[in-house]
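Since the structure comes first, as C-alpha coordinates, the remarks are kept for the end.
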Amino acid sequence: MDFNLSMEQEILRNSVRQFAEKEIRPVARQLDEKEEFSYDTMRKMGELGLFGMFVSEKYGGQGMDYISYIIATEEIARIDGSHAATIAAGNSLGIGPLYYFGNEDQKKKYLPKLCTGETLWAFGLTEPNAGSDASNSQTTAVLDGDEWVLNGSKIFITNGSADITAGATVLCKTGTRPDGRPELSCILVESGTPGFETRTMHGKMVWRASNTSELYFSDCRVPKTNLLGLRGNGFHQMMQTLDGGRLSIGAMGLGGAQGSYDLAMKYGHERVQFDQPIIQFQVNAFKMADMALEIECARLLLYKACWLRDNNKPFGKEAAMAKLYCSEVMGRCADHAVQLHGGYGLMKEYNVERFYRDQKLLTIGEGTSEVQRLVISRLIGCYN
Ligand SMILES: Cc1cc2nc3c(=O)[nH]c(=O)nc-3n(C[C@H](O)[C@H](O)[C@H](O)COP(=O)(O)OP(=O)(O)OC[C@H]3O[C@@H](n4cnc5c(N)ncnc54)[C@H](O)[C@@H]3O)c2cc1C
(Lines give C-alpha, C1' and ligand atoms only; values in the text may rest on other atoms or scores of the structure.)
Protein backbone atom coordinates (compact mmCIF):
# COMPACT_ATOMS: atom_id res chain seq x y z
CA MET A 1 0.00 0.00 0.00
CA ASP A 2 1.11 3.53 -0.72
CA PHE A 3 -0.66 6.23 1.24
CA ASN A 4 1.37 9.07 -0.28
CA LEU A 5 -0.26 11.55 -2.58
CA SER A 6 1.69 12.28 -5.76
CA MET A 7 3.66 15.50 -5.99
CA GLU A 8 1.07 16.88 -8.44
CA GLN A 9 -1.74 16.11 -5.99
CA GLU A 10 0.14 17.81 -3.13
CA ILE A 11 0.78 20.88 -5.30
CA LEU A 12 -2.88 20.96 -6.29
CA ARG A 13 -3.99 20.75 -2.65
CA ASN A 14 -1.71 23.63 -1.67
CA SER A 15 -2.75 25.87 -4.53
CA VAL A 16 -6.49 25.25 -3.98
CA ARG A 17 -6.06 25.81 -0.23
CA GLN A 18 -4.28 29.13 -0.84
CA PHE A 19 -6.94 30.15 -3.33
CA ALA A 20 -9.79 29.30 -0.93
CA GLU A 21 -8.12 31.21 1.93
CA LYS A 22 -7.42 34.25 -0.24
CA GLU A 23 -10.45 34.47 -2.51
CA ILE A 24 -13.31 32.66 -0.77
CA ARG A 25 -12.83 33.05 2.97
CA PRO A 26 -13.12 36.87 2.90
CA VAL A 27 -16.45 36.83 1.02
CA ALA A 28 -18.11 33.58 2.12
CA ARG A 29 -20.04 34.91 5.12
CA GLN A 30 -21.40 37.92 3.28
CA LEU A 31 -22.48 35.90 0.26
CA ASP A 32 -24.20 33.45 2.60
CA GLU A 33 -26.03 36.25 4.37
CA LYS A 34 -27.10 37.89 1.10
CA GLU A 35 -27.96 34.51 -0.45
CA GLU A 36 -25.84 35.56 -3.42
CA PHE A 37 -24.21 33.37 -6.07
CA SER A 38 -20.86 34.99 -6.88
CA TYR A 39 -19.96 35.24 -10.57
CA ASP A 40 -16.64 36.73 -9.52
CA THR A 41 -15.45 33.72 -7.50
CA MET A 42 -17.02 31.45 -10.13
CA ARG A 43 -14.80 33.04 -12.79
CA LYS A 44 -11.74 32.73 -10.57
CA MET A 45 -12.48 29.08 -9.81
CA GLY A 46 -12.72 28.50 -13.57
CA GLU A 47 -9.39 30.24 -14.15
CA LEU A 48 -7.79 28.04 -11.49
CA GLY A 49 -8.95 24.97 -13.43
CA LEU A 50 -11.55 23.69 -10.98
CA PHE A 51 -14.02 22.66 -13.71
CA GLY A 52 -13.60 19.69 -16.01
CA MET A 53 -10.87 18.38 -13.74
CA PHE A 54 -11.35 14.73 -14.73
CA VAL A 55 -12.21 15.52 -18.37
CA SER A 56 -9.69 14.75 -21.09
CA GLU A 57 -7.70 17.69 -22.45
CA LYS A 58 -9.22 16.88 -25.86
CA TYR A 59 -12.45 18.53 -24.67
CA GLY A 60 -10.78 21.35 -22.75
CA GLY A 61 -10.55 19.54 -19.40
CA GLN A 62 -7.61 19.24 -17.02
CA GLY A 63 -7.10 15.49 -17.61
CA MET A 64 -6.55 14.77 -13.92
CA ASP A 65 -7.49 11.70 -11.91
CA TYR A 66 -10.65 11.62 -9.79
CA ILE A 67 -8.80 11.88 -6.51
CA SER A 68 -7.35 15.25 -7.61
CA TYR A 69 -10.87 16.54 -8.20
CA ILE A 70 -11.91 15.23 -4.78
CA ILE A 71 -8.94 16.91 -3.06
CA ALA A 72 -9.83 20.22 -4.73
CA THR A 73 -13.47 19.93 -3.63
CA GLU A 74 -12.36 19.03 -0.10
CA GLU A 75 -10.15 22.12 0.09
CA ILE A 76 -12.90 24.48 -1.10
CA ALA A 77 -15.37 22.86 1.34
CA ARG A 78 -12.88 23.42 4.17
CA ILE A 79 -13.66 27.13 3.71
CA ASP A 80 -17.18 27.22 2.28
CA GLY A 81 -19.91 24.70 1.43
CA SER A 82 -21.69 26.86 -1.15
CA HIS A 83 -18.62 27.24 -3.36
CA ALA A 84 -17.85 23.54 -2.98
CA ALA A 85 -21.43 22.80 -4.07
CA THR A 86 -20.98 24.86 -7.23
CA ILE A 87 -17.83 22.89 -8.08
CA ALA A 88 -19.17 19.47 -7.09
CA ALA A 89 -22.44 19.89 -8.97
CA GLY A 90 -20.66 21.58 -11.89
CA ASN A 91 -18.20 18.72 -12.32
CA SER A 92 -19.94 15.53 -11.19
CA LEU A 93 -23.54 16.29 -12.09
CA GLY A 94 -23.22 18.87 -14.87
CA ILE A 95 -20.15 17.79 -16.81
CA GLY A 96 -20.21 14.10 -15.79
CA PRO A 97 -23.24 12.86 -17.80
CA LEU A 98 -22.21 14.81 -20.92
CA TYR A 99 -18.66 13.48 -20.74
CA TYR A 100 -19.52 9.86 -20.00
CA PHE A 101 -22.68 9.38 -22.07
CA GLY A 102 -22.65 12.18 -24.66
CA ASN A 103 -21.83 11.60 -28.33
CA GLU A 104 -18.91 13.35 -29.98
CA ASP A 105 -21.03 16.27 -31.23
CA GLN A 106 -22.53 16.87 -27.78
CA LYS A 107 -19.14 16.73 -26.08
CA LYS A 108 -17.54 19.11 -28.57
CA LYS A 109 -20.47 21.50 -28.33
CA TYR A 110 -20.79 21.77 -24.56
CA LEU A 111 -17.67 20.59 -22.74
CA PRO A 112 -15.06 23.24 -23.68
CA LYS A 113 -16.98 26.14 -22.09
CA LEU A 114 -18.09 24.01 -19.14
CA CYS A 115 -14.46 23.10 -18.50
CA THR A 116 -13.37 26.73 -18.23
CA GLY A 117 -16.29 27.59 -15.95
CA GLU A 118 -17.66 30.04 -18.53
CA THR A 119 -20.89 28.05 -18.41
CA LEU A 120 -22.59 25.62 -16.01
CA TRP A 121 -24.82 22.64 -16.71
CA ALA A 122 -27.51 21.26 -14.40
CA PHE A 123 -28.60 17.73 -13.44
CA GLY A 124 -32.38 17.46 -13.49
CA LEU A 125 -33.39 14.33 -11.64
CA THR A 126 -35.46 15.30 -8.57
CA GLU A 127 -39.13 16.20 -8.95
CA PRO A 128 -41.72 17.35 -6.43
CA ASN A 129 -43.03 13.76 -6.18
CA ALA A 130 -39.85 11.88 -7.09
CA GLY A 131 -37.05 12.42 -4.57
CA SER A 132 -35.54 9.26 -3.06
CA ASP A 133 -37.92 7.39 -5.36
CA ALA A 134 -36.22 8.99 -8.35
CA SER A 135 -37.49 6.49 -10.93
CA ASN A 136 -41.01 7.79 -10.31
CA SER A 137 -40.26 10.66 -12.71
CA GLN A 138 -43.43 12.30 -14.04
CA THR A 139 -41.75 14.62 -16.55
CA THR A 140 -42.57 13.32 -20.02
CA ALA A 141 -40.85 13.62 -23.39
CA VAL A 142 -42.84 12.59 -26.44
CA LEU A 143 -41.23 12.20 -29.85
CA ASP A 144 -43.01 14.35 -32.44
CA GLY A 145 -41.29 14.11 -35.82
CA ASP A 146 -37.71 15.21 -35.28
CA GLU A 147 -38.34 16.77 -31.87
CA TRP A 148 -38.87 15.75 -28.27
CA VAL A 149 -41.70 17.61 -26.56
CA LEU A 150 -41.12 17.93 -22.80
CA ASN A 151 -43.71 18.60 -20.11
CA GLY A 152 -43.20 18.55 -16.35
CA SER A 153 -40.97 20.05 -13.70
CA LYS A 154 -37.86 19.46 -11.58
CA ILE A 155 -37.05 20.83 -8.14
CA PHE A 156 -33.93 21.56 -6.01
CA ILE A 157 -31.64 21.67 -9.06
CA THR A 158 -28.14 23.01 -8.32
CA ASN A 159 -26.70 25.48 -10.87
CA GLY A 160 -30.03 25.38 -12.72
CA SER A 161 -30.80 29.08 -13.08
CA ALA A 162 -27.52 31.01 -12.93
CA ASP A 163 -26.95 33.59 -15.69
CA ILE A 164 -24.23 31.30 -17.05
CA THR A 165 -26.27 28.08 -16.96
CA ALA A 166 -26.17 26.72 -20.50
CA GLY A 167 -28.75 23.97 -19.95
CA ALA A 168 -29.72 20.82 -18.10
CA THR A 169 -29.73 17.04 -18.45
CA VAL A 170 -33.34 16.11 -17.75
CA LEU A 171 -34.63 12.66 -16.83
CA CYS A 172 -37.92 12.10 -18.67
CA LYS A 173 -40.42 9.34 -19.13
CA THR A 174 -40.21 8.56 -22.86
CA GLY A 175 -42.50 5.55 -22.96
CA THR A 176 -43.53 2.30 -21.28
CA ARG A 177 -41.49 -0.89 -21.34
CA PRO A 178 -43.06 -4.22 -22.37
CA ASP A 179 -43.15 -5.19 -18.66
CA GLY A 180 -45.20 -2.07 -17.85
CA ARG A 181 -42.36 -0.15 -16.15
CA PRO A 182 -41.62 3.38 -17.38
CA GLU A 183 -38.97 3.89 -20.03
CA LEU A 184 -36.72 6.70 -18.75
CA SER A 185 -34.30 8.66 -20.91
CA CYS A 186 -32.06 11.69 -20.45
CA ILE A 187 -32.63 14.66 -22.71
CA LEU A 188 -30.45 17.75 -23.01
CA VAL A 189 -32.33 21.04 -22.82
CA GLU A 190 -30.49 24.30 -23.50
CA SER A 191 -31.27 27.46 -21.53
CA GLY A 192 -33.46 29.83 -23.50
CA THR A 193 -35.35 27.07 -25.33
CA PRO A 194 -39.00 28.19 -25.64
CA GLY A 195 -41.14 26.36 -23.07
CA PHE A 196 -38.21 25.92 -20.64
CA GLU A 197 -38.30 28.23 -17.63
CA THR A 198 -36.35 28.30 -14.40
CA ARG A 199 -37.00 29.83 -11.01
CA THR A 200 -34.28 30.37 -8.40
CA MET A 201 -35.25 28.95 -4.99
CA HIS A 202 -34.65 31.24 -2.03
CA GLY A 203 -34.81 30.80 1.73
CA LYS A 204 -32.41 27.85 2.07
CA MET A 205 -30.86 27.00 5.43
CA VAL A 206 -27.83 25.51 3.65
CA TRP A 207 -25.56 26.41 0.71
CA ARG A 208 -27.14 29.85 0.59
CA ALA A 209 -24.59 31.20 -1.90
CA SER A 210 -25.12 28.28 -4.27
CA ASN A 211 -27.72 28.43 -7.04
CA THR A 212 -30.75 26.12 -6.51
CA SER A 213 -33.67 26.10 -8.91
CA GLU A 214 -36.96 24.78 -10.12
CA LEU A 215 -37.12 23.85 -13.80
CA TYR A 216 -40.40 23.96 -15.73
CA PHE A 217 -41.11 22.40 -19.11
CA SER A 218 -44.24 23.32 -20.99
CA ASP A 219 -44.49 21.91 -24.51
CA CYS A 220 -40.75 22.49 -24.67
CA ARG A 221 -39.39 21.27 -28.01
CA VAL A 222 -35.80 20.16 -28.49
CA PRO A 223 -34.18 18.32 -31.43
CA LYS A 224 -34.39 14.52 -31.42
CA THR A 225 -30.57 14.52 -31.36
CA ASN A 226 -30.63 15.96 -27.83
CA LEU A 227 -31.17 12.45 -26.45
CA LEU A 228 -28.20 11.56 -24.22
CA GLY A 229 -26.86 8.09 -24.99
CA LEU A 230 -29.40 5.35 -25.60
CA ARG A 231 -33.14 5.75 -25.27
CA GLY A 232 -34.31 3.96 -22.08
CA ASN A 233 -30.90 4.24 -20.38
CA GLY A 234 -31.69 7.46 -18.52
CA PHE A 235 -32.18 6.09 -15.04
CA HIS A 236 -29.03 3.99 -15.27
CA GLN A 237 -27.08 7.08 -16.46
CA MET A 238 -28.40 9.14 -13.57
CA MET A 239 -27.55 6.45 -10.98
CA GLN A 240 -24.06 6.00 -12.40
CA THR A 241 -23.57 9.76 -12.26
CA LEU A 242 -24.65 9.75 -8.62
CA ASP A 243 -22.00 7.11 -7.77
CA GLY A 244 -19.34 9.66 -8.77
CA GLY A 245 -21.36 12.50 -7.26
CA ARG A 246 -21.39 10.75 -3.90
CA LEU A 247 -17.62 10.96 -3.79
CA SER A 248 -17.83 14.72 -4.18
CA ILE A 249 -20.48 14.96 -1.44
CA GLY A 250 -18.06 12.86 0.64
CA ALA A 251 -15.35 15.41 -0.15
CA MET A 252 -17.62 18.19 1.00
CA GLY A 253 -18.26 16.32 4.24
CA LEU A 254 -14.56 15.69 4.76
CA GLY A 255 -13.60 19.29 3.93
CA GLY A 256 -16.38 20.69 6.10
CA ALA A 257 -15.35 18.45 8.99
CA GLN A 258 -11.75 19.62 8.61
CA GLY A 259 -12.87 23.26 8.43
CA SER A 260 -14.95 22.85 11.61
CA TYR A 261 -12.02 21.16 13.35
CA ASP A 262 -9.61 23.94 12.31
CA LEU A 263 -11.94 26.64 13.62
CA ALA A 264 -12.41 24.73 16.91
CA MET A 265 -8.67 24.22 17.37
CA LYS A 266 -7.93 27.90 16.80
CA TYR A 267 -10.68 29.19 19.05
CA GLY A 268 -9.96 26.59 21.75
CA HIS A 269 -6.40 27.89 22.07
CA GLU A 270 -7.43 31.55 22.09
CA ARG A 271 -10.37 31.44 24.51
CA VAL A 272 -9.35 31.50 28.14
CA GLN A 273 -11.68 30.60 31.00
CA PHE A 274 -10.64 29.77 34.58
CA ASP A 275 -7.16 31.10 33.60
CA GLN A 276 -6.70 28.35 31.03
CA PRO A 277 -7.20 27.97 27.25
CA ILE A 278 -10.44 26.02 27.04
CA ILE A 279 -8.90 23.41 24.75
CA GLN A 280 -6.81 22.21 27.68
CA PHE A 281 -9.85 21.11 29.66
CA GLN A 282 -9.68 17.40 29.06
CA VAL A 283 -13.29 17.13 27.94
CA ASN A 284 -12.54 19.54 25.09
CA ALA A 285 -9.17 18.02 24.23
CA PHE A 286 -10.85 14.61 23.99
CA LYS A 287 -13.48 16.09 21.70
CA MET A 288 -10.68 17.35 19.43
CA ALA A 289 -9.10 13.88 19.55
CA ASP A 290 -12.41 12.28 18.51
CA MET A 291 -12.76 14.76 15.65
CA ALA A 292 -9.19 14.10 14.46
CA LEU A 293 -9.86 10.35 14.58
CA GLU A 294 -13.09 10.54 12.60
CA ILE A 295 -11.60 12.90 10.01
CA GLU A 296 -8.71 10.49 9.48
CA CYS A 297 -11.11 7.56 9.01
CA ALA A 298 -13.28 9.63 6.66
CA ARG A 299 -10.29 10.61 4.54
CA LEU A 300 -9.04 7.02 4.25
CA LEU A 301 -12.48 5.74 3.28
CA LEU A 302 -13.07 8.48 0.71
CA TYR A 303 -9.63 8.27 -0.88
CA LYS A 304 -9.91 4.48 -1.09
CA ALA A 305 -13.22 4.84 -2.95
CA CYS A 306 -11.54 7.32 -5.33
CA TRP A 307 -8.63 4.96 -5.82
CA LEU A 308 -11.04 2.19 -6.81
CA ARG A 309 -12.68 4.52 -9.31
CA ASP A 310 -9.37 5.71 -10.74
CA ASN A 311 -8.30 2.07 -11.15
CA ASN A 312 -11.52 1.09 -12.95
CA LYS A 313 -12.70 -1.17 -10.13
CA PRO A 314 -16.29 -1.29 -8.83
CA PHE A 315 -16.71 1.53 -6.31
CA GLY A 316 -20.48 1.92 -5.79
CA LYS A 317 -20.52 0.41 -2.29
CA GLU A 318 -17.46 2.39 -1.14
CA ALA A 319 -18.88 5.61 -2.66
CA ALA A 320 -22.12 5.14 -0.71
CA MET A 321 -20.13 4.38 2.45
CA ALA A 322 -17.89 7.42 1.98
CA LYS A 323 -20.85 9.71 1.30
CA LEU A 324 -22.69 8.43 4.36
CA TYR A 325 -19.74 8.48 6.70
CA CYS A 326 -18.12 11.77 5.62
CA SER A 327 -21.42 13.67 5.76
CA GLU A 328 -22.24 12.32 9.22
CA VAL A 329 -18.69 13.04 10.45
CA MET A 330 -19.10 16.64 9.34
CA GLY A 331 -22.35 16.81 11.32
CA ARG A 332 -20.61 15.62 14.49
CA CYS A 333 -17.55 17.87 13.95
CA ALA A 334 -19.62 20.98 13.27
CA ASP A 335 -21.69 20.25 16.38
CA HIS A 336 -18.55 19.84 18.56
CA ALA A 337 -17.03 22.98 17.03
CA VAL A 338 -20.08 25.12 17.79
CA GLN A 339 -20.19 23.72 21.34
CA LEU A 340 -16.56 24.63 21.85
CA HIS A 341 -17.25 28.18 20.70
CA GLY A 342 -19.99 28.56 23.34
CA GLY A 343 -22.32 31.50 22.67
CA TYR A 344 -19.96 32.97 20.09
CA GLY A 345 -20.45 29.84 17.99
CA LEU A 346 -24.04 30.87 17.46
CA MET A 347 -23.03 34.21 15.94
CA LYS A 348 -22.49 34.53 12.17
CA GLU A 349 -19.26 36.42 12.72
CA TYR A 350 -17.55 33.20 13.88
CA ASN A 351 -18.27 31.26 10.63
CA VAL A 352 -18.66 27.99 12.50
CA GLU A 353 -22.44 28.43 12.51
CA ARG A 354 -22.37 28.28 8.70
CA PHE A 355 -20.67 24.88 8.86
CA TYR A 356 -23.30 23.78 11.38
CA ARG A 357 -26.06 24.68 8.89
CA ASP A 358 -24.33 23.54 5.69
CA GLN A 359 -23.59 20.04 6.99
CA LYS A 360 -27.29 19.20 6.98
CA LEU A 361 -27.54 19.18 3.20
CA LEU A 362 -24.94 16.43 2.99
CA THR A 363 -27.11 13.83 4.74
CA ILE A 364 -30.00 14.68 2.37
CA GLY A 365 -28.68 15.59 -1.12
CA GLU A 366 -27.68 12.95 -3.72
CA GLY A 367 -29.41 10.23 -1.70
CA THR A 368 -30.25 10.66 1.97
CA SER A 369 -28.36 8.80 4.70
CA GLU A 370 -31.27 6.34 4.83
CA VAL A 371 -30.95 5.71 1.09
CA GLN A 372 -27.16 5.19 1.45
CA ARG A 373 -27.84 2.58 4.14
CA LEU A 374 -30.36 0.98 1.78
CA VAL A 375 -27.76 0.90 -1.04
CA ILE A 376 -25.04 -0.50 1.23
CA SER A 377 -27.31 -3.11 2.82
CA ARG A 378 -28.32 -4.29 -0.68
CA LEU A 379 -24.71 -4.45 -1.86
CA ILE A 380 -23.53 -6.43 1.18
CA GLY A 381 -26.24 -9.01 0.52
CA CYS A 382 -28.82 -8.40 3.25
CA TYR A 383 -31.79 -9.09 0.98
CA ASN A 384 -30.55 -12.15 -0.94
C1 LIG B 1 -29.76 22.38 -1.86
C2 LIG B 1 -30.15 21.16 -2.64
C3 LIG B 1 -29.54 20.88 -3.85
C4 LIG B 1 -29.94 19.79 -4.62
N5 LIG B 1 -29.40 19.59 -5.88
C6 LIG B 1 -29.97 18.66 -6.70
C7 LIG B 1 -29.56 18.58 -8.10
O8 LIG B 1 -28.65 19.29 -8.55
N9 LIG B 1 -30.21 17.68 -8.89
C10 LIG B 1 -31.21 16.87 -8.43
O11 LIG B 1 -31.75 16.12 -9.23
N12 LIG B 1 -31.58 16.91 -7.12
C13 LIG B 1 -31.00 17.79 -6.25
N14 LIG B 1 -31.40 17.88 -4.94
C15 LIG B 1 -32.47 16.97 -4.47
C16 LIG B 1 -31.98 15.93 -3.47
O17 LIG B 1 -31.18 14.98 -4.11
C18 LIG B 1 -33.25 15.34 -2.80
O19 LIG B 1 -33.73 16.34 -1.92
C20 LIG B 1 -32.96 14.06 -2.07
O21 LIG B 1 -32.67 13.03 -2.98
C22 LIG B 1 -34.13 13.61 -1.18
O23 LIG B 1 -35.35 13.66 -1.85
P24 LIG B 1 -36.61 14.43 -1.17
O25 LIG B 1 -36.13 15.76 -0.74
O26 LIG B 1 -37.74 14.37 -2.10
O27 LIG B 1 -36.92 13.58 0.15
P28 LIG B 1 -37.82 12.26 0.25
O29 LIG B 1 -37.41 11.27 -0.77
O30 LIG B 1 -39.25 12.64 0.30
O31 LIG B 1 -37.37 11.71 1.67
C32 LIG B 1 -37.92 12.20 2.90
C33 LIG B 1 -37.43 11.30 4.03
O34 LIG B 1 -37.91 9.95 3.82
C35 LIG B 1 -36.80 9.07 3.85
N36 LIG B 1 -37.04 7.95 2.93
C37 LIG B 1 -37.49 8.01 1.65
N38 LIG B 1 -37.51 6.79 1.10
C39 LIG B 1 -37.06 5.92 2.06
C40 LIG B 1 -36.84 4.52 2.11
N41 LIG B 1 -37.08 3.72 1.05
N42 LIG B 1 -36.38 3.97 3.26
C43 LIG B 1 -36.11 4.77 4.35
N44 LIG B 1 -36.29 6.11 4.36
C45 LIG B 1 -36.75 6.68 3.22
C46 LIG B 1 -35.61 9.89 3.40
O47 LIG B 1 -34.39 9.28 3.81
C48 LIG B 1 -35.90 11.20 4.08
O49 LIG B 1 -35.45 11.16 5.42
C50 LIG B 1 -30.96 18.92 -4.13
C51 LIG B 1 -31.55 19.17 -2.88
C52 LIG B 1 -31.17 20.27 -2.15
C53 LIG B 1 -31.87 20.54 -0.86
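Annotations for the structure displayed:
- Across segment 204-254, the number of residues qualifying as part of a helix (DSSP H, G or I), within 16 Å of the chain's Cα centre (by Cα) and not hydrophobic (A, V, I, L, M, F, W, C) comes to 9.
- Within segment 252-273, residues that are over 20 Å from Val206 (Cα atoms) reach partners that are modelled with pLDDT under 95 with beta carbons closer than 9 Å, at six or more positions or on different chains, in the pairs Tyr267/Tyr350.
- Within segment 101-119, residues that are of a type in the set (D, E, K, R) have Cβ atoms under 6 Å from residues that are part of a loop (DSSP other than H, G, I, E, B) in these pairs: Lys113/Thr119, counting only partners at least 6 apart in sequence or on another chain.
- Members of segment 156-187 that are within 20 Å of Gln240 (Cα to Cα) and aliphatic (A, V, I, L, M): Ile157, Ala168, Val170, Leu171, Leu184, Ile187
- Sole exception among (1) part of a strand (DSSP E or B); (2) within 16 Å of the ligand (Cβ to nearest atom); (3) free of Cβ contacts under 8 Å to residues at least 60 places away in the same chain for Gly160, by number: (1)
- Residues being touching a Pro at 6+ places or on another chain (Cβ under 9 Å) and assigned to a strand (DSSP E or B) - total across segment 122-151: 3
- Unique match (being out of contact with any strand residue (DSSP E or B) (no Cβ under 8 Å at 6 or more places or on another chain), touching a residue at least 24 places away in the same chain (Cβ under 8 Å) and more than 14 Å from Ile87 (Cβ to Cβ)) among Glu10, Glu36: Glu36
- The condition of being within 13 Å of the ligand (Cβ to nearest atom) and modelled with pLDDT of 95 or more holds for only one of Glu353, Glu366, Glu370, that being Glu370.
- Every pair of residues 6+ apart whose Cβ atoms lie under 7 Å, when the first sits in segment 331-360 and is closer than 17 Å to Lys287 by Cα while the second is modelled with pLDDT of 95 or more and assigned to a loop (DSSP other than H, G, I, E, B): Gly331/Thr363
- The one condition from (1) within 15 Å of the ligand (Cβ to nearest atom); (2) crowded, with 22+ Cβ neighbours inside 10 Å; (3) within 19 Å of Arg246 (Cβ to Cβ); (4) of a type in the set (Gly, Ala, Ser) that Ala134 does not meet is (2).
- Test: residue in segment 196-203 that is within 11 Å of the ligand (Cβ to nearest atom) and assigned to a strand (DSSP E or B): no
- Taken residue by residue, segment 98-109 has no member that is buried (at least 19 other Cβ atoms within 10 Å of the Cβ) and within 11 Å of the ligand (Cβ to nearest atom).
- In segment 204-237, the residues that are within 11 Å of the ligand (Cβ to nearest atom) and farther than 27 Å from Glu147 by Cα: Lys204, Met205, Val206, Trp207, Arg208, Ser210, Asn211, Thr212
- Scanning segment 75-88 for residues that are within 20 Å of Leu242 (Cβ to Cβ) and touching a strand residue (DSSP E or B) at 6+ places or on another chain (Cβ under 8 Å) turns up at least one hit.
The values are calculated or read from the model by the stated rules, or taken from the named source; none is laboratory data. The shown structure was predicted, so the numbers you read here are calculated from the model rather than taken from an experiment. Counting neighbours? That spans all protein chains shown, and the Cβs are built from the backbone with ideal geometry, glycine included.
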